[in-house]
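Q: Encoded as structure tokens, here's the structure I'll be asking about.
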Amino acid sequence: MALDQYTPEEPISSIATALAPAALGIVRVSGKGCIELVSKVFSRPRALLETPGNTVVYGWIVDNDKKIDEVMCAVYRAPKSYTGEDMVEIMCHGGPSVVTAIQNLMLKSGFRQANRGEYTFRAYINGKTDLTKAEAVREIIDSHTDDSRSHAAGRLAGSLYKEIDSIKKLLVDTLAAIEVEIEYPEDEETIADTFNRQDLEDAVKRLETLEASWQGEKLYQDGARVVLAGRTNAGKSSLFNAILKEERAIVSDVEGTTRDWLESWAGINGIPVRLFDTAGLRATDDVVEAQGVELSKNLVKDADVVLYLIDSVAGKNDEDEEFIKNCPVPLIEVWNKCDAASQNPVAPDALCVSAKNGIGLPALFNQIEAILKNGISTERTQAGLGSARQKAAVSEALESARHALLTSEDNYTLDAVVQDLEDALDFLGEVTGAITPDDVLGSIFANFCVGK
């Protein structure tokens, strides 16, 4: 979003629902005079103009004498709206042609097409939300599992803002105590024992917890890459379908059925994963299948976890052993078709499953989760960081707060500690948006959809 070209309160309009056949469609408008502009193309202009905020008015959208659609207009009056401005949401029938016709009429009637994220940006500059909540809106829209949505919903409800605000209070209280000492000093040379360090130490601990939360939150936002690999007919496509709980991949006894890779989002113990079904690994003279095998090997290199499938009936061969030994990423050896009679020995650390009957899948999911969460703190705190931007700012605040502690221990002057604390407060202000450069704002809201 180009902030240098942005005009506050300018009436804007956009389609807020998907352009696809549906029961309802919504055209959203906001800005100064937006209710008056809509009334000019509404069959009951006086009713719309006189209705109080947070009410719905029935009527028709009309273009001169031509009726476009029968609608319900939800009217919001400033400051009690999402953007903090006057707003109208026109709820019409959800046919793409109907929604587009109403949007085109709005643009012809004096509205400007809204930019990406402009409604949420207006909510931010009008004090209706802070940056942590604004970024959580996009997180919820992009979430792939209930757990990732739940984490984002916590930030939207204000959990992160409240934690940042609480930490800022600890720093402000420390800063106030030091400034009193500066104004009324007992010892002007050093700061030994001149203020209570407990609040500052507590702030550092809470900032450390907050910083550590990003690695886990990132997993729930971005997801992980899980690749199914193995020889032909090991059951990769069957397991792919079983994890997705739908028939996405073609399953056949004919070797080489899967020649290209398939990809889909899935949820494994609440973690969003991009699941890849790949061509069977084998030597082949078929040019197309050989390309598929090469693609499979490339996907493995970029995976977070590889599920290497072995047919329990056919057993393991030297090719399997070589792949497992040389795999560059974490690998789970999965013996499929375990419900079939087999005399082949299974490796002690391998998992036995039946993609056909769902046997062993919970244990497999638990092992995938353990690998993906390896090195990540499993302690679930109420507040967690929601973006790399937030993590960078918190890390800077933590460094400044730690330096303030070191400065006090090394017996520097009070002014040095004050500077560190002020720096920490500035960085925390960047997290919530109290202090944020325009280029950062433009980057944040440019990632939103048009209707938000």
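Q: Ignoring ligands, DNA and RNA, how do Glu163, Glu85, Glu409 rank by accessible area with a 1.4 Å probe, largest first?
A: Greatest to least solvent exposure: Glu409, Glu163, Glu85.
Q: Considering only protein heavy atoms and a 1.4 Å probe, what is the carbon-and-sulfur percentage of the accessible area of region 1-131?
A: Carbon plus sulfur share of accessible area: 54 percent.
Q: Here's another thing I want to ask about it. Cα atoms only, region 1-122: Rg and Dmax in Å?
A: Cα radius of gyration and Dmax of region 1-122 are 13.5, 40 Å respectively.
The values are calculated or read from the model by the stated rules, or taken from the named source; none is laboratory data. Quantities reported herein were computed from a predicted structural model and do not represent experimental measurements. Note: accessible area is taken over every heavy atom of the protein model, side chains too, but ligands, DNA and RNA are not part of it. Shrake-Rupley method; radii C 1.70, N 1.55, O 1.52, S 1.80 Å.
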